[in-house]
Each structure stands twice: as C-alpha cells, then as structure tokens.
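The values are calculated or read from the model by the stated rules, or taken from the named source; none is laboratory data. Predicted model only: the values in this text are computed from it and were never measured. Note that each Cβ is placed from the backbone with ideal geometry, even for glycine, and that neighbours are counted across all protein chains shown.
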C-alpha cells in the first residue's frame with residue numbers, strides 16, 4: 001500500500017510539474033501530509049472496528065492464520081497492543097506537521113513503517129518472525145532520527161542502533177536454544193514443555209539482556225535521553241508509545257510461560273534492578289532542564305514499575321503491568337507533543353525556564369500540559385494511577401521491602417513533573433518569551449487523542465482487564 005501511495009503522489013507531481021514547478025514545491029508537502037494522514041487514520045478505524053468485534057469472554061487466540069509461512073494471531077494481550085499502535089501512528093505523523101520542511105514524504109513513510117513493523121510484531125506467534133520484527137523496528141528508527149533529528153542526530157541514531165543490535169546477540173542465542181529444545185518456534189505451545197532449570201536460566205539471561213536494553217533499565221538506559229532529546233517528535237512518540245512496550249509483551253508471551261522457574265529464581269535480581277532504575281531516574285530527573293529529557297527519564301521510571309509487576313508472578317501484578325504499559329503508551333506521546341511539538345515548533349528551545357507564564361496567552365495549551373503532567377505522575381482517574389497502583393500491589397505481595405523503597409519515587413516523580421509544569425505554565429510571562437497563538441485544531445485533536453484513552457483506562461480499567469484476564473492467568477507459575 002505504501003508503494004501505491006508513492007506511485008499516486010509521484011504521478012501527481014509529474015502532472016503538476018509540467019505546468020508550474022513552483023506550484024509543485026508549494027503543494028507537494030501538503031499533499032503528502034494529507035495523504036499519509038488519511039492512510040493512517042483509515043487504518044486506525046479498521047483496527048478499532050476489528051478490536052470491537054473481539055470476544056473478550058474467550059480464552060486463547062481467536063484469529064490464527066498463516067501469512068507467507070508465518071503464524072499470526074491475536075488474543076486478549078495482543079489486541080490492545082495492536083489497537084494502541086494503530087492509534088499512535090497517525091498521531092506520530094501529524095505531530096511534526098510544521099517542523100519537517102524537506103523530505104516530508106520520506107519522513108511520514110518511515111514513521112508509518114515503524115508502526116506497521118511493531119503491529120506485525122504484536123501479531124506474530126512464531127518466535128523467529130517475532131524476533132525479526134522485534135529488531136527490524138530499529139532500521140526505520142535509525143533513519144528517522146539520523147535524518148530528521150536535531151543537532152546531534154547522528155550520535156543518537158548510532159546510540160539506539162549499537163545498543164539494540166549488541167543486546168540482540170544474546171537474544172538470538174536464546175532463540176536457538178529454545179528452538180533446539182522444543183523443536184518448534186510457536187509461542188502457543190511453549191508452556192507445554194518442561195525443560196531443566198539450567199536451560200531455563202541460560203535462556204532467561206539471554207532474553208533479558210535484550211529486554212533490559214530495549215525497556216530500558218539501569219544501567220543500559222543511557223541511550224534513551226540522548227535518543228529522545230535529538231529525535232523528532234514523531235520519533236519520540238513511536239518509540240515511547242509502542243516500541244518500548246514490546247518488552248512487556250515479550251515477557252508475557254515468551255519469558256514467563258517458557259522460563260517460569262528461572263523467572264522465579266531471578267525475581268529478586270529483577271526487583272533490585274527495577275528499584276535502582278526507578279529511584280535513580282526519578283532523582284536524576286529533578287536536576288534536568290531539558291523538557292524532552294525530563295519526559296524520557298520519566299518513561300524509564302514508569303517502565304521500571306511495569307517490569308516489577310509483570311515478574312510478580314500473580315494476576316494483580318501482571319494485569320497492573322499491562323495496564324500501565326498501555327496507559328503510558330498514550331500519555332507519554334501526549335507529553336512529548338506538548339513539549340516537543342507545540343512549544344518547540346513556536347520557540348525552538350526545550351529549556352523549561354523559557355516558557356514561564358504561558359497560561360496568560362496560551363490557556364488551552366496550559367490546560368493540556370497540566371492534565372498530561374498529572375496523568376504522567378499517576379494521579380487518580382488516570383490510567384497510570386490504576387496500572388501503577390495495581391502493579392505495585394502485586395509486587396508488594398512478593399517483596400514488601402523493595403516495593404516500599406520503590407514507592408518513594410512517587411514523591412520524586414511528583415517533584416520533577418510539577419516543577420516542570422509550574423515553570424512552564426505558571427508565574428508572570430517572561431519578557432524574553434514572545435506571545436504566540438494558542439494550540440491549533442490539529443494540536444488539540446492529537447492531545448485529546450492521547451488524554452482520552454488514558455482517562456478512560458483510569459476511570460474504567462476493566463475495559464482492559466476483562467480481555468486480558470485469561471491470558472495473564474496462563475503465565476502464573478504455581479510452585
């Protein structure tokens with residue numbers, strides 16, 4: 001479909017170009033933006049319609065079909081991940097509506113391709129294909145950052161590529177071991193095999209190295225602030241909203257069913273790493289003045305909470321982790337749009353002190369910023385609150401001491417988020433800050449598209465849990 005779209009747009013250019021070259025230069029970017037937006041929004045409606053027809057009362061995969069000798073299917077877990085990705089794709093393409101001037105077509109195609117790869121990743125039942133698409137998203141991400149990023153875009157692009165592909169070496173080894181031991185690559189029957197503890201430990205370590213980098217967790221989190229600070233807004237949205245969430249999905253789909261004993265053995269280690277990640281990133285964020293770096297560090301902290309819950313080995317923790325992952329997949333893009341799309345498009349700076357007093361001349365933007373900030377720190381009625389509270393409750397059942405220590409990050413996260421929000425929206429307008437127009441209709445639609453799902457999940461969490469209960473129950477290891 002991308003090739004057909006490219007052919008249509010190329011033909012349009014040829015026709016118009018024969019009449020007036022200047023008209024082509026003026027019309028081409030707008031046509032590409034409108035065409036890509038129409039394509040992505042149409043795809044979103046198709047996926048939402050498919051999600052609406054899903055039967056939540058049934059267990060297991062409902063749609064299994066081979067595509068080019070690759071098994072694909074959807075169940076209660078993959079249904080929400082696919083739907084979230086489909087909603088994020090048009091938001092990613094429209095977030096850089098004004099900031100990308102040259103190569104608009106390539107940019108939109110690259111971002112859309114990233115979303116499509118991630119969507120296919122969530123529907124793959126075959127382990128080999130799942131791993132291929134798990135790593136394939138790095139290629140369009142590299143292109144997006146390397147071409148359309150900020151001043152240090154080359155450094156950021158190489159950061160994400162080197163970290164990802166280096167860690168994937170260990171994951172490849174685990175896939176080989178898993179395939180050799182089970183003589184199959186289907187994730188649906190992994191739980192039927194009982195392998196030795198030594199084999200599970202070897203496989204678990206290899207997979208977790210890749211997940212630790214992709215999530216990311218301490219000490220492999222260093223690539224995230226660099227990548228988000230240099231990436232265009234659309235790249236940050238697709239990375240934080242969908243790509244990093246594949247780690248939670250991988251744990252539910254592959255690690256806990258096949259390496260259950262190893263997951264129980266290594267849970268204290270996982271908890272120490274996650275608590276260190278949560279406390280360290282939350283504390284570090286309070287000293288940051290770059291708005292995108294602040295959001296990047298906060299995303300790391302939230303993912304640390306997700307990992308603690310998904311390894312808690314109880315339904316409460318796993319469901320809370322999945323709910324947090326889904327909710328954060330919406331609200332994190334909203335915060336990136338606010339700081340990287342709306343304000344940066346107008347002022348071309350990310351320093352928090354520069355935006356003092358925006359409430360006086362941008363009240364709608366200030367409202368969006370305040371709402372996303374409160375949702376990002378997990379206040380009630382937001383999906384982050386519901387997910388993190390449930391995830392922490394599940395983790396508390398396994399380790400009360402470590403969970404209590406991790407809970408202190410609530411104070412630090414509220415500190416840095418409210419500090420950023422107050423400096424951005426509160427106070428008297430700085431004489432160095434020029435008055436600009438408030439949010440446009442396009443910006444309001446994108447912000448609303450991220451806030452509404454997060455609020456819905458927070459007010460009515462059973463919206464998610466009723467479709468994931470059967471699948472999360474299957475990954476619990478009884479010992």
Given the conditions (1) crowded, with 17+ Cβ neighbours inside 10 Å; (2) under 19 Å from residue 121 (Cα atoms); (3) touching a residue at least 60 places away in the same chain (Cβ under 8 Å), report the number of the one that residue 213 does not fulfil.
(3)
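For (1) in a helix (DSSP H, G or I); (2) touching a helix residue (DSSP H, G or I) at 6+ places or on another chain (Cβ under 8 Å); (3) modelled with pLDDT of 90 or more; (4) within 15 Å of residue 256 (Cα to Cα), each residue gets a yes or a no:
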position: 273; (1), (2), (3), (4): yes, yes, yes, no
position: 279; (1), (2), (3), (4): yes, yes, no, no
position: 282; (1), (2), (3), (4): yes, yes, no, no
position: 294; (1), (2), (3), (4): yes, yes, no, no
position: 300; (1), (2), (3), (4): yes, yes, no, no
position: 303; (1), (2), (3), (4): yes, yes, no, no
position: 313; (1), (2), (3), (4): no, yes, no, yes
Report yes if some residue within segment 299-309 is in contact with a strand residue (DSSP E or B) (Cβ under 9 Å, 6 or more places away or on another chain) and in contact (Cβ under 8 Å) with a residue 12 or more places away in the chain; otherwise report no.
no
Among the residues that make up segment 395-410, is at least one of them part of a helix (DSSP H, G or I), within 25 Å of the chain's Cα centre (by Cα), modelled with pLDDT of 85 or more and within 21 Å of residue 281 (Cα to Cα)?
yes
Looking at (1) out of contact with any helix residue (DSSP H, G or I) (no Cβ under 9 Å at 6 or more places or on another chain); (2) under 22 Å from residue 271 (Cβ atoms), can you tell me which one residue 410 breaks?
(1)
Is it the case that residue 240 is surrounded by fewer than 24 Cβ atoms within 10 Å (Cβ to Cβ) and farther than 30 Å from residue 177 by Cβ?
no
Return the residue satisfying two criteria in turn: it lies in segment 447-466 and is without any contact (Cβ under 8 Å) to a residue 60 or more places away in the chain and part of a helix (DSSP H, G or I), and of such residues it is farthest from residue 77 (Cα to Cα).
448
Within segment 406-433, take every residue that is over 26 Å from residue 322 (Cα atoms) and free of Cβ contacts under 8 Å to residues at least 12 places away in the same chain and give me the one that is surrounded by the fewest Cβ atoms within 10 Å (Cβ to Cβ).
431
Segment 420-446, residues that are over 24 Å from the mean Cα position of the chain (by Cα), under 14 Å from residue 363 (Cβ atoms) and assigned to a helix (DSSP H, G or I)
424, 425
Selection from segment 67-115 of residues that are part of a loop (DSSP other than H, G, I, E, B) and under 24 Å from residue 251 (Cα atoms):
75
Across (1) farther than 25 Å from residue 473 by Cα; (2) touching a helix residue (DSSP H, G or I) at 6+ places or on another chain (Cβ under 9 Å); (3) touching a residue at least 12 places away in the same chain (Cβ under 8 Å), residue 361 clears everything bar (2)
Within segment 75-83, can one find any residue that is crowded, with 20+ Cβ neighbours inside 10 Å, in contact with a helix residue (DSSP H, G or I) (Cβ under 8 Å, 6 or more places away or on another chain), more than 27 Å from residue 448 (Cα to Cα) and modelled with pLDDT under 85?
yes
Can you pull out every residue in segment 228-268 that is part of a loop (DSSP other than H, G, I, E, B), under 17 Å from the mean Cα position of the chain (by Cα) and touching a residue at least 60 places away in the same chain (Cβ under 8 Å)?
231, 232, 245
Of all residues in segment 327-348, count the ones that are surrounded by fewer than 24 Cβ atoms within 10 Å (Cβ to Cβ) and assigned to a helix (DSSP H, G or I).
5
Residue 389 surrounded by fewer than 24 Cβ atoms within 10 Å (Cβ to Cβ), in contact (Cβ under 8 Å) with a residue 12 or more places away in the chain and under 18 Å from the mean Cα position of the chain (by Cα)
no
